[in-house]
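Participant: Encoded as structure tokens, here's the structure I'll be asking about.
The values are calculated or read from the model by the stated rules, or taken from the named source; none is laboratory data. Remember, it's a predicted structure, so these values are computed and weren't measured experimentally. All Cβ positions, even for glycine, are placed from backbone atoms using ideal geometry, and neighbour counts span all protein chains on display. The area values use the complete protein model at the heavy-atom level, side chains included, leaving out ligands, DNA and RNA. Shrake-Rupley method; radii C 1.70, N 1.55, O 1.52, S 1.80 Å.
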Amino acid sequence: MIVFLVGFMGCGKSTKAKQLANRLNCAVIDLDAEIVKKVGKSIAEYFAEFGEAAFRKLESDTLKIYPYPETCVVATGGGLPCFFDNMDWMNAKGQTVYLQMTPAQLVSRLGNREKRPLLKGMDDEQLFTFIELKLVERNPFYTQSKVILDAFNLDAELLEKRLKGN
Ligand code: S3P
């Protein structure tokens, strides 16, 4: 089984992916980290040099050509499910889990905004408004996930249980 964790920046996809993979004793793949490895630049540098459209194409290609082992947990970038047919592709390929949080919870967790090109330079108020608007746009994609979980205070044990339908 391949588990894809999706959700907004700051909802804990990378951390939860590692913890869940540990519990399932399987590989963990962080697609943002794979992109950084592939292009030899940070995501922020790539955005600045080539723009968002080029990043979205690269992100989708990386999702689709990665040689996934039979069992693994994949942390996806926050925007990935919302471009091209990526969400359908993930749903066809494995188990999708939306780690849902409220805008206020996300603001409280997004301390370091500089490494995220879409959030650069925002104060808390601007970030709150940005997240509210983005979630209106993104929730229709995120909520196509097979499992939707309240991710605030979610521990890996509960995540594993929910994933197995308990
Ligand atoms: C993005 C989220 C980031 C990264 C890029 C764009 C987004 O990933 O892919 O900065 O559009 O939400 P994280 O969700 O891991 O921060």
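Participant: Apply the Karplus parameterisation 6.51 cos²θ - 1.76 cosθ + 1.60, with θ equal to phi minus 60°, to every residue of the range 105-118 and state each ³J(HN,Hα) to the nearest whole Hz, in sequence, with x for glycine and proline.
Facilitator: 5, 5, 4, 5, 9, 9, x, 8, 9, 5, 7, 10, x, 6
Participant: Taking every Cα atom in the range 2-163, find the radius of gyration and the maximum pairwise distance Dmax, and write them in Å.
Facilitator: 15.0, 43
Participant: Using each residue's phi in the range 44-51, evaluate 6.51 cos²θ - 1.76 cosθ + 1.60 at θ = phi - 60° and report the 3J(HN,Hα) Karplus result to the nearest Hz, with x for Gly and Pro.
Facilitator: So the Karplus estimates, Gly and Pro as x, are 4, 5, 5, 4, 5, 7, 10, x Hz.
Participant: Carbon and sulfur: what percent of the chain's accessible surface (1.4 Å probe)?
Facilitator: 51 percent
Participant: Here's a follow-up. Considering only C-alpha atoms, what is the centroid distance from the range 106-165 to the range 78-100, in Å?
Facilitator: Distance between centres, Cα-based: 14 Å.
Participant: Using the Cα centre of the chain as the reference point, and only Cβ charges (+1 on K/R, -1 on D/E), how large is the resulting charge dipole? Debye, rounded to the nearest 20.
Facilitator: 380 debye
Participant: Please identify, among Leu149, Leu99, Leu20, the residue showing maximal mean-square fluctuation in a Gaussian network model of the chain using a 10 angstrom Cα cutoff.
Facilitator: Leu149
Participant: May I pose another question? Please say if the range 1-51 is rounded, prolate or oblate, where rounded means a/c under 1.5 for a ≥ b ≥ c the square roots of the C-alpha gyration tensor eigenvalues, and otherwise the choice is prolate for a/b larger than b/c and oblate otherwise?
Facilitator: Because a/c hits 1.5 or more and a/b exceeds b/c, the range 1-51 counts as prolate.
Participant: May I ask for the equivalent-ellipsoid semi-axes of the range 1-96, computed as the square root of five times each C-alpha gyration tensor eigenvalue and listed largest first in whole Å?
Facilitator: Values: eigenvalues 94, 42, 30 Å².
In descending order, the three semi-axes are 22, 14, 12 Å.
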